[in-house]
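Below: the structure, in structure tokens.
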Amino acid sequence: MSGLYSIAKGGKLKLKGEKKVPKKKKRKAEDDKPGSSASKRKEEEDDTEKHGGWWDAKKFEEMVGAVALEFRKQTYMKSLDDGSFTLGGPHDEGEGPHPEEIFTAIRINDDKIAIKSGYGKYLGVEKDGSITGRSDAVGAHEQWEPVINEGKMALLAHNGYFMSASPDDDSIVAQSRKAGDAEMVVMRCQTEKVEKDDTPTEEKGSIRDIELNYVKKFQKFQDKKMKLCKEDSEEVRRARVEGRLHEALLDRRAKMKADRYCK
């Protein structure tokens, strides 16, 4: 069985005494307040550490690559060699999922994913609501929609039923049209978490760099000379903070009478 899972990469085993304890940084009083960004970040870091470095994917765009599906505390969905699935045993704090509890999430479109087991088969739903992994390709039956609400997630199958762990025998099924506590699942990832930067290229750098970028973009260059406003740029800094950056830059270009959109 371990040979079949050689392609699945689990978290690095962390032994007591080997972990380096980072120096504690001084925090402002407001950072300790419940609900603050620093407090939330600390909670996320603690949660990730408790799960062996596997963090909670709360956004659709994060649900890609190696994943584990946690239905109960420290308890993950597990692949069996007959193509069926069940819950594995509970893990200790600091321990990540076992190789047979690691899957691969693949984005199909803007709201659906496919899930592949360590055996290289895609998860789908049978007529009786049982979930199996026996398909070599992704069809309609192998597509899952992560439904996220108030920080919690459930996986909706193509037939309108949600994935859950059966309370009777711990088998993984899709037999409920409503997402209750049994259908709540935490999708944990191990890939590097990268924050998306939506800042336009023109607006990166110093205030002078930003103004220069927009002048290059919009100036008419009739005399082939770049014309920058020589007035103090403090107003531009304030405008950037207040969300009026484009308006302020346009006003400065208008004063130079060299912008294709200024008359």
| If the Cβ limit is 6 Å and pairs must be 6+ apart or interchain, which residue in the range 119-142 that is farther than 14 Å from Y161 by Cβ pairs with which residue that is of a type in the set (S, T, Y) and assigned to a loop (DSSP other than H, G, I, E, B)? | G133/S117
| task | Looking only at the range 223-234, decide whether some residue is at pLDDT 75 or above and either assigned to a helix (DSSP H, G or I) or within 30 Å of K127 (Cβ to Cβ) (or both). | result | yes
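Considering A114, A68, A137, which residue is out of contact with any helix residue (DSSP H, G or I) (no Cβ under 8 Å at 6 or more places or on another chain) and among the hydrophobic types (A, V, I, L, M, F, W, C)? Step through it out loud before you land on a result.
Numbers: A114 fails: out of contact with any helix residue (DSSP H, G or I) (no Cβ under 8 Å at 6 or more places or on another chain); A68 fails: out of contact with any helix residue (DSSP H, G or I) (no Cβ under 8 Å at 6 or more places or on another chain).
Being out of contact with any helix residue (DSSP H, G or I) (no Cβ under 8 Å at 6 or more places or on another chain) and among the hydrophobic types (A, V, I, L, M, F, W, C) holds for just one of A114, A68, A137, which is A137.
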| message | Can you find a residue that is under 25 Å from the mean Cα position of the chain (by Cα), in a strand (DSSP E or B), touching a residue at least 12 places away in the same chain (Cβ under 8 Å) and closer than 18 Å to I108 by Cβ anywhere in the range 187-194? | response | yes
| request: Check T132 against each of (1) farther than 24 Å from G53 by Cβ; (2) out of contact with any helix residue (DSSP H, G or I) (no Cβ under 9 Å at 6 or more places or on another chain); (3) part of a loop (DSSP other than H, G, I, E, B); (4) of a type outside the set (A, V, I, L, M, F, W, C) and name the one condition it does not meet. | output: (3)
| Do we have K78 as touching a helix residue (DSSP H, G or I) at 6+ places or on another chain (Cβ under 8 Å) and among the charged types (D, E, K, R) here? | yes
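Determine if the range 135-148 includes at least one residue that is assigned by TED's automatic domain parsing to the domain that holds W55, more than 25 Å from T48 (Cα to Cα), touching a Leu at 6+ places or on another chain (Cβ under 7 Å) and not in a loop (DSSP other than H, G, I, E, B).
yes
If you go through the range 88-107 one residue at a time, do you hit one that is more than 24 Å from G53 (Cβ to Cβ), out of contact with any Ser or Thr (no Cβ under 8 Å at 6 or more places or on another chain), among the aliphatic types (A, V, I, L, M) and in the same structural domain as K58 (by TED's automatic domain parsing)? Steps first, please.
First, the residues of the range 88-107 that are more than 24 Å from G53 (Cβ to Cβ): none.
Checking the range 88-107: not a single residue is more than 24 Å from G53 (Cβ to Cβ), out of contact with any Ser or Thr (no Cβ under 8 Å at 6 or more places or on another chain), among the aliphatic types (A, V, I, L, M) and in the same structural domain as K58 (by TED's automatic domain parsing).
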| Answer from G133, G94 - the residue that is among the small types (G, A, S) and farther than 19 Å from D170 by Cβ | G94
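The values are calculated or read from the model by the stated rules, or taken from the named source; none is laboratory data. This is a predicted model, so every value here is computed, not measured. We place every Cβ from the backbone using ideal geometry, glycine too, and count neighbours over all the protein chains shown.
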